[in-house]
Amino acid sequence: MAGDNQTVSEYIVHHLTNLTYGRLPEGFERYDGSSVPDGGSWVMAHGAEEISAMGFYAIHIDSMLWSVGLGIFFCWFFYRMACLVSEDSPSGPINFVEMVVEFIDNTVKDTFHGKNRLIAPLALTIFVWVFLMNLMDLVPVDLIPYALGLAGVEYQKIVPSTDPNITMGMAVGVFILMLFYSIKVKGFGFVKELTMNPFNHPLFIPVNLFMEVVGLLAKPFSLGLRLFGNMYAGEMIFILIAALFSAGIMWVLPAALLQLGWAIFHILVITLQAFIFMVLTVVYLSMAHEDH
């Protein structure tokens with residue numbers, strides 16, 4: 001537990017709060033009773049009220065560090081395995097990496113119908129990166145927050161994909177690529193696609209435009225929020241099961257069995273969510289390359 005005197009609700013809120021850095025407005029009364037000086041102050045937030053007061057420009061330090069760190073680990077690990085490849089039969093981690101690359105390559109060939117050398121590396125990056133972020137959900141919920149708490153770090157969420165800023169940021173990146181290739185491949189045909197479908201008549205241009213724009217904007221939202229919702233729910237269940245350990249000695253064994261069972265099932269969830277995010281990205285980019 002993060003604190004011996006916490007209630008269950010306080011424990012849950014604590015584990016769902018990001019380590020946030022941002023600017024508090026002047027005159028804001030902080031948790032310790034002090035007031036923010038004139039001009040505001042850039043500080044680490046303490047509690048939900050301070051995070052809310054920081055507004056849009058607050059930065060989730062933990063999500064940023066964990067996501068970037070996992071991305072760097074992915075690049076380093078795959079680079080090292082590429083350097084170790086030889087003509088001999090692969091074994092161990094090299095065999096695993098080759099299986100992942102071959103799996104992604106076959107998926108892209110079956111899904112993407114255009115010609116673009118960027119798509120396969122992008123799909124590989126998305127799948128492995130999202131999988132690694134999701135995999136952090138299997139780390140015991142109290143382990144890292146408690147260890148960092150001893151060093152004075154009050155909040156710590158180690159699963160970046162439970163932060164909508166991370167998932168929606170990735171989805172917006174995919175959306176920008178969709179728009180870029182739609183304009184590059186289709187040119188003016190992209191405008192015609194938005195205005196003359198599904199009703200091919202000038203009188204229906206406003207209706208067509210509304211329907212197509214809504215459908216277009218729904219893609220990044222569904223992409224980012226699907227990943228966030230599934231991973232957030234999974235993390236919440238882990239936290240609720242962990243809270244059972246404080247309910248008494250009679251709940252220790254049931255809580256341990258529930259934790260183990262949910263972790264085994266969650267291995268499927270984290271892999272499936274990474275696969276879905278990757279496949280939808282490839283499908284959306286394939287649609288952007290289709291010029292009828």
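The values are calculated or read from the model by the stated rules, or taken from the named source; none is laboratory data. Computed from a predicted structure; not experimentally measured. Glycine gets a Cβ as well: all are built from the backbone with ideal geometry, and neighbour counts include every protein chain shown.
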Can you tell which of PHE190, PHE199 is over 19 Å from the mean Cα position of the chain (by Cα) and part of a helix (DSSP H, G or I)? PHE190
Checking VAL108 against (1) free of Cβ contacts under 8 Å to residues at least 24 places away in the same chain; (2) surrounded by 12 or more Cβ atoms within 10 Å (Cβ to Cβ); (3) more than 23 Å from PRO160 (Cβ to Cβ), the condition it does not meet: (1)
When you check LEU217 against the structure, is it closer than 25 Å to ALA274 by Cα, surrounded by fewer than 16 Cβ atoms within 10 Å (Cβ to Cβ) and at pLDDT 90 or above, yes or no? yes
Report, by residue number, each residue of region 48-73 that is within 18 Å of the chain's Cα centre (by Cα), surrounded by fewer than 17 Cβ atoms within 10 Å (Cβ to Cβ) and among the aromatic types (Phe, Trp, Tyr). PHE73
Go over the candidates SER286, SER246 one by one and state the one that is part of a loop (DSSP other than H, G, I, E, B) and either at negative phi or at pLDDT 90 or above (or both). SER246
Going by what's in this entry, would ALA233 be described as of a type in the set (A, V, I, L, M), loosely packed, with under 13 Cβ neighbours inside 10 Å and not in a helix (DSSP H, G or I)? no
Residues of region 71-105 being touching a residue at least 40 places away in the same chain (Cβ under 8 Å) and among the β-branched types (Val, Ile, Thr), which ones? ILE104
